[in-house]
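Here's the structure, in structure tokens; my notes come after.
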2 protein chains.
Amino acid sequence: MDIKTALETYRSIQKKLNAYGFATTAVYYDSVTAAPEGGEKERNDAMEILSNITYEIETSPEMLEAVQYLVLHKDELDAETKREIELYNKQSEYMKCIPQEEYVAYGVLVNEATSAWRRAKNNNDFAAFAPYLQKIFDTNKKFSLYYKPDKDPYDTLLDGYEKGLTKEKCDEFFSELRETIVPLVKKIVKTKQIDNSFMFRNYPIHIQHEFSDYIMEKMAIDKKYCAIGETEHPFTLNFNKHDVRITTHYYENDFASSMYSVVHEGGHALYELGSGDKYEGTGLSGGASMAMHETISRYYENIIGRSKTFISLIFPKVKELFHEQFSGVTEEDFYRAANYSEPSLIRTEADELTYTLHIMIRYEIECGMISGEYKAEDLPRVWAEKYRHYLGVEVPDDARGVLQDSHWSGGSVGYFPSYALGSAYGAQIFETMKKELDIDAAIRDTGDLSKINEWLEEHIFRHGAMYDSCDLLRMCTGEEFNAKYYTEYLKNKYSAIYGLE
Amino acid sequence: MDIKTALETYRSIQKKLNAYGFATTAVYYDSVTAAPEGGEKERNDAMEILSNITYEIETSPEMLEAVQYLVLHKDELDAETKREIELYNKQSEYMKCIPQEEYVAYGVLVNEATSAWRRAKNNNDFAAFAPYLQKIFDTNKKFSLYYKPDKDPYDTLLDGYEKGLTKEKCDEFFSELRETIVPLVKKIVKTKQIDNSFMFRNYPIHIQHEFSDYIMEKMAIDKKYCAIGETEHPFTLNFNKHDVRITTHYYENDFASSMYSVVHEGGHALYELGSGDKYEGTGLSGGASMAMHETISRYYENIIGRSKTFISLIFPKVKELFHEQFSGVTEEDFYRAANYSEPSLIRTEADELTYTLHIMIRYEIECGMISGEYKAEDLPRVWAEKYRHYLGVEVPDDARGVLQDSHWSGGSVGYFPSYALGSAYGAQIFETMKKELDIDAAIRDTGDLSKINEWLEEHIFRHGAMYDSCDLLRMCTGEEFNAKYYTEYLKNKYSAIYGLE
């Protein structure tokens, strides 16, 4: 073998894998946007066959040999290819540590757990799900120890989602949040609450459709490459940088829900659309990490989307489309209602301020599950205690408690902290951006978010997955990660809105 | 090899092929319902890779050997498996006759021709498309002669879409139509035209959405297994019998267009949904032929959907949803407007009566192209002459003339006659059904089309592709195909509506 042959093999197999990836992405997108419910079995059968074929290609001796050869000669590769091969290799190294029968069994477990979770949530029956949950945590721990026998398994799990992240760093980060946000939330609870009742009037869905198009336009999202759909839970999916989908969920009696879903998912989409052309079709396309992706989506949703300038930009259109529903509502009323904060039960519906507390609770539970401090059966009690303690709310049932999220049933352990980190990265990036760009003027002058997009494209998007997100954050802001930016941002913003001293 | 091994091989490869089929179906459906336009190149790349893999599996020595073995031992197979293997083998026999490089070149030609056709239609520039069209006809002729050197190539092409169909049979059928429908149309042109102006008032699309759901309900289509989408051109797509999609196109100023698209595509869907469970996942799932499929869709659209009983069934809902638009419109007005007939330029927008004349013209042109009587360059002239002669309309440009349909650019030669045959099969089936079922009472009693569906499921749907459609028609009606049923049906219906003697 030589480098040329090894690279050709790698690229040609990658092209094939991209084709399978395209197809399974389409099947997934279709399943949640268009497919009738009755076709689930046949779809699962087809997906299982395609996943097996994909797995066989990914781990084929031909591919592994080529990657192995390239790893051994990595210093002869250009920086991008070297990075790409290292990422691929890391993934295969992990896979190689797990006995195949255990890997297959885990796939089956996750599938069964997902169905069990859905049933348990519908029936509010945590006991039926607990054995699956315990097994999923146990298996994640076991696999982590196969891969890195000398490392704390939760560190290995965290690192799998966010390179370099450790329990120690998380502890420090979350204790910072705990010390600042928890008291802030408690103060707000005691003040006079904002009137956001007009957000819950009747908003006909076909007009909300039109409004989504308008929001995408104002975000300067190129609809040639990005389409919007409707799903139970909003998400973003990228086929490739020329084909990105965002989805939203319309509620007739909730104006802000879909609007901020579109802004949030629109942020994810802008990231994908702005990934460097040279990475297209390679392992470096897309974003740096899930945390960096969440950085961007929450940046658009909260820091920009709930700012006075953005509210001011869209207010005339809102008044035009929803004349009656917004009658008597001022721009300032809308701004304040968009920043309404109140401790609540459901993470995905939480406001900007309390959101990270929901994540903190999940982080603490994950730590305890991996360390063995908790067993699955303890979680309803632990969950309720933590919600009472940090958020001051009573959990009425497990469906609105420990069963609310799909992540654990899907096998994602160590993933939640990325959400909170993303929010914090965003605040740090905001400070840097403000020094280089008059954000308010940029939005007012262009009438859309194009200048913001350009800045982020230059500093973040175009780099794709070329850098670990901690490095990218340092390149962008000139500093190591510092959670103070986030807590300061929240303190200043919410103190002003709620008139705290 | 033994039968058991051969069958196992065949079934296991078929399962894999079904998975690929599922995936490419999803990619296609997504591409016309949801995908942003900018992703075309990457999608085509992915589809090309997947098509090549599919082709390799279909023609793998393993598969062909198994099929060959089963063909040799077909008398030891049960009737269903025998039929299935024969169908698969017929297809591979055809493929085997074509040199691989010519087969590949034809694939490329069709792809290019499709793009060239789209551009030519947009620019009304037939000359730019003519060379592709000529090559497509020439290649179809050549391939047919490779396969059956001693047979008229157009007969071979017809037989490829409708088993047993020949030019002789088509000539007889179309001359029957020519003699009866052409004079009938000429008479109608001279009578007082029906007022259908209310069909073109403003019909808000979000209410048309609701109406589509209502129509599906009245057709007793099980939405658990059938979903509706929106596309430029309406169609039906079956992933499998538990997952069928129909699409429609909404026009704000045209009420009947989407309504009858839903009824037509709903007919296709009912056929797929009613296919026998035992055929699921085999080569016998779906319908008997394209003509039989069109029989069913046009049966629902025209014979049922434009009947007094059906109009009467849905009229109250129409009045409720479109109160203003239908103000002053009686049930009888609606019935007459739904059966408005007038010679026109565009096949897909033609009414029930004149529709088959559009097909007849295409049939005559296909014959002439294959026989060598016409060259592609003659077609604009020939097209205009035939439209003037049979329909009495002047073709203003090629975009609304010879360039209107996608079929030829997509390589479908010999396919058009199936549309007309389908209409005629439907009328024959209608006569049989009437003897066994009081159709009007069945609709009135149940308030939907479930009894019609049941009858068709028993006589047609459940048989999947087990029988050639001419055999199925005979089994269902007790007679050979007879076009008289169709011409009589049209004469009676339209004479009554237009008050002819």
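The values are calculated or read from the model by the stated rules, or taken from the named source; none is laboratory data. All values reported here derive from a predicted model rather than from experimental measurement. Don't worry about glycine lacking a Cβ; one is built from the backbone with ideal geometry, like all the others, and counts go over all protein chains shown. We work out accessible area using only protein heavy atoms, side chains counted, and drop any ligands, DNA or RNA first. Shrake-Rupley method; radii C 1.70, N 1.55, O 1.52, S 1.80 Å.
Just a few scattered comments:
- Only residues that are of a type in the set (G, A, S), open to solvent by less than 60 Å² (accessible area, probe 1.4 Å) and farther than 22 Å from B:E280 by Cβ were counted in segment A:2-54, giving 4.
- When residues in segment A:415-457 are screened for being surrounded by fewer than 18 Cβ atoms within 10 Å (Cβ to Cβ), within 22 Å of A:E352 (Cα to Cα) and of a type in the set (S, T, N, Q), 1 of them pass.
- Within segment A:110-123, considering residues that are surrounded by fewer than 17 Cβ atoms within 10 Å (Cβ to Cβ) and not β-branched (V, I, T), the one farthest from A:Y10 (Cα to Cα): A:N123
- Pairs with Cβ under 6 Å, 6+ apart, first in segment A:318-335 and among the hydroxyl-bearing types (S, T, Y), second at pLDDT 95 or above: A:Y335/A:K308; A:Y335/A:I311
- Restricting B:N89, B:N140, B:N124 to residues that are under 22 Å from the mean Cα position of the chain (by Cα) and of a type in the set (S, T, N, Q) narrows the list to B:N140.
- Meets criteria (within 27 Å of the chain's Cα centre (by Cα), of a type outside the set (S, T, Y) and at pLDDT 95 or above) for B:K15: yes
- Hits in segment A:458-499 - residues which are open to solvent by less than 30 Å² (accessible area, probe 1.4 Å) and of a type in the set (A, V, I, L, M, F, W, C): A:I460, A:F461, A:A465, A:M466, A:L472, A:L473, A:C476, A:A483, A:L490, A:I497
- Taken over segment B:22-39, the criterion of being in a helix (DSSP H, G or I) and facing chain A (nearest Cβ under 8 Å) is satisfied by B:F22, B:A23, B:T24, B:A26, B:V27, B:Y29, B:D30, B:T33, B:E37, B:G38, B:G39.
- Pick from segment B:239-264, criterion within 14 Å of chain A (Cβ to nearest Cβ) and without any contact (Cβ under 8 Å) to a residue 60 or more places away in the chain, ranking: most open to solvent (accessible area, probe 1.4 Å): B:E252
- Hits in segment A:70-81 (condition: assigned to a helix (DSSP H, G or I) and surrounded by fewer than 16 Cβ atoms within 10 Å (Cβ to Cβ)): A:L72, A:K74, A:D75, A:E76, A:A79
- Segment A:80-91 residues that are without any contact (Cβ under 8 Å) to a residue 12 or more places away in the chain, paired with ones that are open to solvent by 60 Å² or more (accessible area, probe 1.4 Å) and of a type in the set (K, R) (beta carbon under 9 Å, 6 or more apart): A:K82/A:K74
- Pick from segment B:365-414, criterion without any contact (Cβ under 8 Å) to a residue 12 or more places away in the chain and in a helix (DSSP H, G or I), ranking: nearest to B:V108 (Cα to Cα): B:D378
- Test: B:V67 is over 28 Å from the mean Cα position of the chain (by Cα) and surrounded by 14 or more Cβ atoms within 10 Å (Cβ to Cβ): yes
- Unmet criterion (only one of (1) closer than 30 Å to A:C476 by Cα; (2) crowded, with 18+ Cβ neighbours inside 10 Å) for A:V395: (1)
- The selection criterion, being more than 8 Å from every other protein chain (Cβ to nearest Cβ), within 19 Å of B:Y28 (Cβ to Cβ) and either in a helix (DSSP H, G or I) or touching a residue at least 60 places away in the same chain (Cβ under 8 Å) (or both), does not hold for A:Y10.
- Verdict on A:P149 being more than 26 Å from the chain's Cα centre (by Cα) and part of a loop (DSSP other than H, G, I, E, B): yes
- Count - residues of segment B:202-237 that are modelled with pLDDT under 95 and either facing another protein chain (nearest Cβ under 8 Å) or open to solvent by 50 Å² or more (accessible area, probe 1.4 Å) (or both): 2
- Residue within segment A:301-308 that is of a type in the set (A, V, I, L, M), touching a Leu at 6+ places or on another chain (Cβ under 8 Å), more than 24 Å from A:E349 (Cβ to Cβ) and modelled with pLDDT of 95 or more present: no
- Failed criterion for B:P131 (all others in (1) part of a helix (DSSP H, G or I); (2) open to solvent by 30 Å² or more (accessible area, probe 1.4 Å); (3) closer than 23 Å to B:S418 by Cα hold): (3)
- Looking across segment A:318-349, the residues that are under 30 Å from the mean Cα position of the chain (by Cα) and among the β-branched types (V, I, T) come down to A:V318, A:I346, A:T348.
- Of all the numbered requirements in (1) buried (at least 16 other Cβ atoms within 10 Å of the Cβ); (2) more than 20 Å from A:F137 (Cβ to Cβ), A:S60 misses one, and that requirement is (1).
- Residue list for segment B:338-351, filter: assigned to a helix (DSSP H, G or I) and open to solvent by 10 Å² or more (accessible area, probe 1.4 Å): B:R347, B:T348, B:E349
- Selection status of B:T446, over 19 Å from the mean Cα position of the chain (by Cα), over 20 Å from B:V263 (Cα atoms) and of a type in the set (S, T, Y): no
- Checking each residue of segment A:172-191 against the condition of being free of Cβ contacts under 8 Å to residues at least 60 places away in the same chain and assigned to a loop (DSSP other than H, G, I, E, B) gives no match.
- Residue that is at the interface with chain B (Cβ under 7 Å from one of its Cβ atoms) and at negative phi, where the choices are A:E48, A:E42: A:E42
- Hey, A:Y271 more than 14 Å from chain B (Cβ to nearest Cβ), under 26 Å from A:Q91 (Cα atoms) and not hydrophobic (A, V, I, L, M, F, W, C) or not: yes
- Every listed requirement among (1) aliphatic (A, V, I, L, M); (2) over 19 Å from the mean Cα position of the chain (by Cα); (3) more than 14 Å from chain A (Cβ to nearest Cβ) is met by B:L158 save one, (2).
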